[in-house]
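The structure appears below as structure tokens.
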2 protein chains.
Amino acid sequence: MKHGANIYKYAKKVGLKAEEIVDFSSNINFLQKQYDLHVNTKPYYEPTYKKLKNTLSKVYSIPQKQIALFNGASSAIMALLYSLKEKEVTLYAPLFGEYEKASKDKKITLINRYTNLYALPKKGSIVVFVNPATPDGKYYDLKKLFKIWKKQNCIVILDESFLEFEEKQSYRSYISSYPELYIIQSFSKFYGCAGVRIGAIFAKKKHLAKLPQPMWALSSFDVEFLLKRLRDSAFRKETIQKHEKQKKQLKKILERYFEVYESDANFFLVKNSYKKLFQKLLKQGILIRPCGSFDFLDDGYIRFAVKDEKSHKKLKKALRKIV
Amino acid sequence: MKHGANIYKYAKKVGLKAEEIVDFSSNINFLQKQYDLHVNTKPYYEPTYKKLKNTLSKVYSIPQKQIALFNGASSAIMALLYSLKEKEVTLYAPLFGEYEKASKDKKITLINRYTNLYALPKKGSIVVFVNPATPDGKYYDLKKLFKIWKKQNCIVILDESFLEFEEKQSYRSYISSYPELYIIQSFSKFYGCAGVRIGAIFAKKKHLAKLPQPMWALSSFDVEFLLKRLRDSAFRKETIQKHEKQKKQLKKILERYFEVYESDANFFLVKNSYKKLFQKLLKQGILIRPCGSFDFLDDGYIRFAVKDEKSHKKLKKALRKIV
């Protein structure tokens, strides 16, 4: 499994409907909330997306001119790595697969962040760090790393897509002082809307100007939806409260069966020693994420996303039945 | 003006609201029709967009495996030209600006299709042809050109985004026989939904496999909207009927004041000799598209899109008042 969340394919394999699958492989906010949208799809949207940038500027405390918008963080990552001319990339691994995919025309060096965090990346290379990291959810204090990166003359790509669940400190304030820093921000995860394709890069204006950007990258529906969600302070508050409660609940369930790693995000990495767990859980309508596609890990590691009460109950029951 | 349809900017200039502007610069279907959408934005959409490809396959009579989807035709054009390694591009001009923008890392040669249509493009170059063409709307029989392109070993990009208004013959059937042919298909124009960001490239499977494609390029809202519209045969029928009627009406209005060129699409190119026409019409709440940004043309040429009865009346009145 190269990416989670393809419930459609796996449901079919075991003769279930997609709706019958609880998707623990997909680490997006479990809260459900829809809005009545009044969108006119006929005309072109205001092409600079000023209203959305203005709102993001307030929510993320960042100047509007330091925001570039893409149709999803995946697109942002591809556009960024395609446009950077530097031919060497250092990835702090494990990390999710998009960065390796987007670096396929470059020379990739891996640094194992578990065993070798302060290794020197190649001089002048692009470094990629995801914080909190995937698939384990660990949040790193990056002060020392930033010093190393600066000394090594590195261009830094920092992915903070899982930062908001536990209100960890962002490194957005480093944008003005660090020579060339790009921060990737997905809105699908915390705002719980994977079907809404909007992601951002935060960086200095002169760096954003280099990026290839088609006109009208965003759906008018998506813009209106995200505007509503960003302005919905109750959703943010409820997320943070419920996330804390549900995370504890999931941890308790997982600890009965697995070694569970510490996490600062909305998912847990566990060490599994039960055989055919993926297949057995799938038959019970539960999709999990084996981590064999992550560097330095194998399918003996599994990632579980924090879900709602009902999903946790289903998992608990299934685990009791199977193992 | 590099692209039409920025009513927001121009409305502000003359102290009007965007809604008060009739936008003759934007050449999308004037029909209005919305749908009730039942979209769950939380989960990731089925990542291969099978349902949409299946519907497109029927509507455009093309195998599903020959369809690649992007968030708008602009994105498709950028992805295609970025991924093609050939360094020389021949553009049949005038044509809209996206192709030149997406070719900025290549050597661009222009062929004036008005005066020099059968000039030989450079051997092994990428050729780009828009049919019906912009900004004049002329539909070309391409048989002879395809022979020339084949002899010159050219990779062909053919943009058929304005084909359906007058049900002209597509060259999609050439995909299997021509060595390397990409057909660009926007859905905003004919289906009247510029806020819905979906566009396609039709090509052989092996050629599509080379294109950079982020996962989940499309908004779930947009996919559901386009599915409804593609299946709405009444919308297609009404468009073709009303387009014919409205096009005649617009032509009659324009011919009183300008030299009007023949068109096979939903817009007209005219030769203008009135001074400050753009500013004067803008003050009356009418936005037009001067063609100075098109190669081989200047701001003495203007493009008018076919609109509804009310918009045409407004134009008629304004022209009578001004000139």
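Here is the interface size for A with B: some 4100 Å² of accessible area buried, both sides summed, with a 1.4 Å probe. Cross-link pairs exceeding 22 Å in C-alpha to C-alpha distance, out of A:271/B:42; B:17/B:245; B:42/B:205; B:283/B:307; A:251/A:314, comprise A:271/B:42; B:17/B:245; B:42/B:205. Here segment A:216-323 yields Rg over Rh of 1.07, to two decimals, using C-alpha coordinates and the Kirkwood radius. When peptides A:233-243, A:154-164 are ranked by their average number of other Cβ atoms within 10 Å per residue, the highest-first order is A:154-164, A:233-243. Coordinate range of the alpha-carbon atoms in the protein assembly as shown per principal axis, descending: 83, 49, 48 Å. Send over the Kirkwood Rh of segment B:95-152, from the inverse of the averaged 1/r over different Cα pairs, rounded to one decimal Å. About 12.4 Å, per the Kirkwood formula over Cα pairs.
Computed over segment B:30-170, relative contact order equals 17 percent, with contacts defined as Cα pairs under 8 Å that lie 6+ residues apart.
Once you've got the GNM for chain A with C-alpha springs shorter than 10 Å, pick whichever of A:59, A:223, A:89 has the biggest mean-square fluctuation. Its mean-square fluctuation being the largest, the pick is A:59. Remark: relative contact order (chain A) = 25 percent; criterion is Cα-Cα distance under 8 angstrom and separation of 6 or more residues. The value given for segment A:130-181 is a Kirkwood hydrodynamic radius of 11.7 Å, derived from the mean inverse Cα-Cα separation. Which value in Å is the Kirkwood Rh of segment B:280-323 over different Cα pairs? Value: 11.4 Å, from the Cα pair sum.
Could you work out, for chain B, what percent of all Cα-Cα pairs fall into each 20 Å distance bin, beginning at 0 Å and stopping at the bin that holds the largest distance? Reading the bins upward from 0: 31, 58, 11. Inter-copy label distances at residue B:317, shortest first and taken from points set 7 Å along Cα to Cβ: 6.6 nm.
Each other residue within a Cβ distance under 15 Å of residue A:236 adds +1 if Lys or Arg and -1 if Asp or Glu, for a net charge of +3. Treating each Cα of segment B:60-102 as one equal point scatterer and applying the Debye formula with no solvent, the log10 of I(q)/I(0) at q = 0.15, 0.27, 0.32 Å⁻¹ comes out as -0.48, -1.03, -1.13.
Comparing Cα centroids, segment A:28-94 and segment A:170-227 end up 3 angstrom apart.
Considering only beta bridges that DSSP places wholly inside chain A, some 45 percent are antiparallel. Computed about its Cα centre, the charge dipole of segment A:1-121 is approximately 240 debye, with only Lys, Arg, Asp and Glu carrying charge at their Cβ. The same position residue A:38 in the other copies lies at 2.4 nm from this copy, comparing label points 7 Å beyond Cα toward the beta-carbon, shortest first.
Rounded to the nearest 5, the antiparallel percentage of DSSP beta bridges internal to segment A:59-201 is 25%. Accessible-area loss of 30 Å² or more (1.4 Å probe, protein heavy atoms, chain alone versus all protein chains) is found in segment A:33-50 for A:34, A:41, A:42, A:44, A:46, A:47.
Among beta bridges identified by DSSP and lying wholly in the protein assembly as shown, the antiparallel ones come to about 45 percent. Ligands, DNA and RNA left out, the 1.4 Å accessible surface of chain B is 51% carbon and sulfur atoms.
For residue A:90, the amide hydrogen comes within under 5 Å of the amide hydrogens of A:109, A:126, A:127, A:128, counting only partners 5 or more places away or on other chains and with H modelled in the peptide plane.
Accessible area per residue for segment A:105-247, computed on protein heavy atoms with a 1.4 Å probe, is 38 Å². The mean number of partner chain beta-carbon atoms within 10 angstrom of a residue's beta-carbon across peptide B:202-214 is 2. Counting from the shortest, the label point at residue A:150, 7 Å from Cα toward Cβ, is 6.3 nm from the same position in each remaining copy. Computed over neighbours whose Cβ is under 11 Å from that of residue B:161, the net charge equals -3, Lys and Arg +1, Asp and Glu -1.
The values are calculated or read from the model by the stated rules, or taken from the named source; none is laboratory data. Note that the structure is predicted; figures quoted are calculated from it, not measured. Reconstructed Cβ throughout: ideal geometry from the backbone, glycine too, with neighbour counts over all protein chains shown. Quick note on the areas: whole protein, heavy atoms, side chains included, nothing else; ligands and nucleic acids left out. Shrake-Rupley method; radii C 1.70, N 1.55, O 1.52, S 1.80 Å.
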